[in-house]
Amino acid sequence: MDAFRIKGPCKLDGELEVPGAKNAALPLMAAALLTEEEVVLQDVPAYADVGNLIRLLRSLGAKVTHDDVDNPLGGTVRIQSDHAADPTAPYEIVKTMRASISVLGPLLAARGRASVSLPGGCAFGARPVDLHLHGLRSLDAKIELDGGQIEATAPADGLKGRIIFMGGPNGPTVGGTQNVLCAAVLAKGRTIIESAACEPEVSDLVRLLRAMGAKITGEGSPRLVVDGVERLHGCTHRVMPDRIIAGTDAIAAAITCGRVELSNYPQDSLLGVEDVLQRIGVRFEFLDDAKDLLRRTVRITADRRQEAVEVTTQPWPGFPTDLQAQLLAVLTLADGNSVVTEKIYSERFNHTAELERMGAVFHRIGPAVVVRGVPRLNGAPVMASDLRGSACLVLAGLAAYGETVVSRVYHLDRGYHRLEDRYRRLGADIERFNADASDPDDPAAAIEIPAKPKKSAGKKTTPT
Ligand code: EPZ
C-alpha cells in the first residue's frame, strides 16, 4: 500500500497547471450514455475514479478509450454508447465510487430502463440519493429498490417533462440535479428543476448537453429550464479546470508561506475561496487580461503566518466543503482562534484527529470546529481516510517540522494525479513508497492507478 514520506518544513515556489476537474468529468462521462454517437472529452486526468467510471461504462456496453494521459491538463476520453446493451450497473463497481450513481439518469432516458446498485455511505457519513429518485419519479419513472439495486423504468412512451422541486435538508444536490437534468433532456415537453444546484460542475454539464443538442437555460441559477428533444448527438467538449485542486494549491502556497503560479485557474468558480484566503492574508495577483474568467493565470503568495477566520461551508458560490479539510490545515498555524462550520456534511472531520497527532489543537462543537492556532506542527505518522482529508494531511506535512508519513494515499489518488510529483516540482521533499503491502483494508485491487510516466513523452492509453 502506497504512502507518502514528507520532510518539512518547505516553502513552495514555482508554476503549475490546473488540470481538468474530476467532479465535472465524471457526470460528463456518464452523460455520454445519452447518445450512440461518439462523445469526446478533453482534459480528463487519469484519476482512480475516472478509471473506475471507465470500467463501469464498458460494463454498460460503451466503447471507451483514454489517451494522452501524461498531458498535465488531463487526457482525452472517447465514449461511444450502445443503447441495446444491458443497463445494469453492478455493485462490484458501484461500491468503489459513489459517483457511479450518475449513470442512472442517462441510462433511464436513453435505454428506458436502468438497474444501478444503491451506493452506500462514505467515510464522512450518510450520502442519501432520495432526491435523485424523487426527481426521476417526478418525470414519471417507476423506481423500486430490489436487493440493493435501484430498478428504474421509463413509461413505454418515454419520460414526461414536469416541474420539480429539488431542494433537500442540506440544500440542493449536485449529483441529483445532474441526474435529473440528464433524464429531462430526452423527456417529452418542458421540465423546470427548481432549487437546482448552481455548482460550476452543473454548468459544465449544461454546456456539454447543449453541444449534444439539448435545450437548457438557467445554468448557474437555482432554476433550470429544459425543453426535451428526441435525440442527442456526439460532440467534443473540454472539461472545466478543477476548482478544488486549484484551491488546494492556493492553500499549499499559504501553509508553506510560498509562491505558486497557476495557469488554467478557474477564477469564475473560486471567488468565495479567494475571499476567505485573502482574509487570512494570502495575495492573488492576476497575470492576464481577464478575458476568460474560467481559465486565468494567477500568482498566489503568502509571506507570513495567516490570520484566524470564521468560515462556513456552503453550496456554491460559498466556501466549498471539498476545501474545508485543506483550510483547517492552514488554520492550525494561524494567529488566533478560527471557527469552521461544516454545513454540507456535518461529520466530515476525520482529519482533525490526525492533525492533532502533529500538534494541532481543535475543539469540536457539533458541526463546528474551533481551531486554536499553534506556533508549529511536528511531523508524525498519520493515516488518510478520505480524499480531501488526505490532501489536508499532505499540506500539513509540507509545513510541519521533521518527517510526516501519510499512509493510505489511495484515497488521495482518487482525485489528485501524482500530487507528490506536483509539489516536488515546487521544491517539496516528498516521496511515494510502498509502506505495507499486507494491509488488509487495501482496496488497491479495485482501483487502477496508472503507472508513472516514462521519460519519452507521447500518446499513451491507461490500463483502464
Ligand atoms: C458532489 O457530491 C461532489 N462529488 C462532492 O465531492 C461534494 O462534496 C458535494 O457534491 C457537495 O459539493 C462529485 O461531484 C462526484 P450532493 P454529491 O448531492 O453530488 C444531501 C469530493 O471530495 N443529499 O450535492 O454526492 C447530501 O447528504 C466529493 O470530491 C440528500 O440529502 O453531493 C449532502 O448533505 C466528496 N439527498 C448535500 O445534500 C440526496 O438525494 C449535498 O450533497 C442527495 C444529497
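The values are calculated or read from the model by the stated rules, or taken from the named source; none is laboratory data. The model shown is predicted, which means the values in this text are computed figures rather than measured ones. Glycine also receives a Cβ, built like all others from the backbone with ideal geometry; neighbour counts cover every protein chain displayed. The protein model used for the area step is the full one, side chains on, heavy atoms only, and it has no ligands, DNA or RNA in it. Shrake-Rupley method; radii C 1.70, N 1.55, O 1.52, S 1.80 Å.
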Checklist outcome for this item: Restricting segment 296-349 to residues that are part of a helix (DSSP H, G or I) and in contact with a strand residue (DSSP E or B) (Cβ under 9 Å, 6 or more places away or on another chain), the one farthest from the ligand (Cβ to nearest atom) turns out to be 331
Next on the checklist: Can you pull out every residue in segment 70-95 that is surrounded by 24 or more Cβ atoms within 10 Å (Cβ to Cβ) and in contact (Cβ under 8 Å) with a residue 60 or more places away in the chain?
Outcome noted: 74, 75
Next on the checklist: For segment 131-171, give me the residue count where each residue is near the ligand (Cβ under 10 Å from one of its atoms) and more than 16 Å from residue 102 (Cβ to Cβ).
Outcome noted: 6
Item to check | One residue from 208, 186 being within 16 Å of the ligand (Cβ to nearest atom) and either assigned by TED's automatic domain parsing to the domain that holds residue 31 or within 23 Å of residue 82 (Cβ to Cβ) (or both) | outcome: 208
Item to check | Those residues of segment 24-56 which are under 14 Å from residue 413 (Cα atoms) and either assigned to a helix (DSSP H, G or I) or in the same structural domain as residue 384 (by TED's automatic domain parsing) (or both), in sequence order | outcome: 48, 49, 50, 51, 52
Next on the checklist: Residue under question is residue 342, and the condition is that it be at pLDDT below 95 and either open to solvent by less than 50 Å² (accessible area, probe 1.4 Å) or of a type outside the set (S, T, N, Q) (or both); does it hold?
Outcome noted: no
Checklist outcome for this item: Out of (1) modelled with pLDDT under 95; (2) open to solvent by 50 Å² or more (accessible area, probe 1.4 Å), the one residue 275 does not meet is (1)
Checklist entry - Where residues in segment 96-130 are surrounded by fewer than 24 Cβ atoms within 10 Å (Cβ to Cβ) and of a type in the set (Val, Ile, Thr), which of them is nearest to the ligand (Cβ to nearest atom)? => result 129
Next on the checklist: For the structure I just gave you, tell me whether residue 33 is closer than 20 Å to residue 211 by Cβ, surrounded by 18 or more Cβ atoms within 10 Å (Cβ to Cβ) and touching a residue at least 60 places away in the same chain (Cβ under 8 Å).
Outcome noted: yes
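Being in contact with a Phe, Trp or Tyr (Cβ under 6 Å, 6 or more places away or on another chain) and in the same structural domain as residue 8 (by TED's automatic domain parsing) is true for just one of 290, 246, 252. Which residue is that?
Values: 290 fails: in contact with a Phe, Trp or Tyr (Cβ under 6 Å, 6 or more places away or on another chain); 252 fails: in contact with a Phe, Trp or Tyr (Cβ under 6 Å, 6 or more places away or on another chain).
Checking each option against the conditions leaves just 246.
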Next on the checklist: Exactly one of these conditions fails for residue 290: (1) open to solvent by 10 Å² or more (accessible area, probe 1.4 Å); (2) at pLDDT 95 or above; (3) of a type in the set (Gly, Ala, Ser). Give me its number.
Outcome noted: (2)
Next on the checklist: For segment 354-378, give me each residue that is among the aliphatic types (A, V, I, L, M) and assigned to a loop (DSSP other than H, G, I, E, B).
Outcome noted: 358, 360, 374, 377
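Does residue 103 qualify as being β-branched (Val, Ile, Thr), in a loop (DSSP other than H, G, I, E, B) and touching a strand residue (DSSP E or B) at 6+ places or on another chain (Cβ under 7 Å)? Before you say what the answer is, go through the steps one by one.
Numbers: β-branched (Val, Ile, Thr): yes; in a loop (DSSP other than H, G, I, E, B): no; touching a strand residue (DSSP E or B) at 6+ places or on another chain (Cβ under 7 Å): yes.
The answer is no for residue 103.
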Next on the checklist: Out of the residues in segment 238-263 meeting the condition of being open to solvent by 20 Å² or more (accessible area, probe 1.4 Å) and part of a strand (DSSP E or B), tell me which one is nearest to residue 205 (Cα to Cα).
Outcome noted: 238
Checklist entry - When residue 10 is evaluated against the numbered criteria (1) assigned to a strand (DSSP E or B); (2) open to solvent by 10 Å² or more (accessible area, probe 1.4 Å); (3) assigned by TED's automatic domain parsing to the domain that holds residue 413, which criterion, by number, is the only one it fails? => result (1)
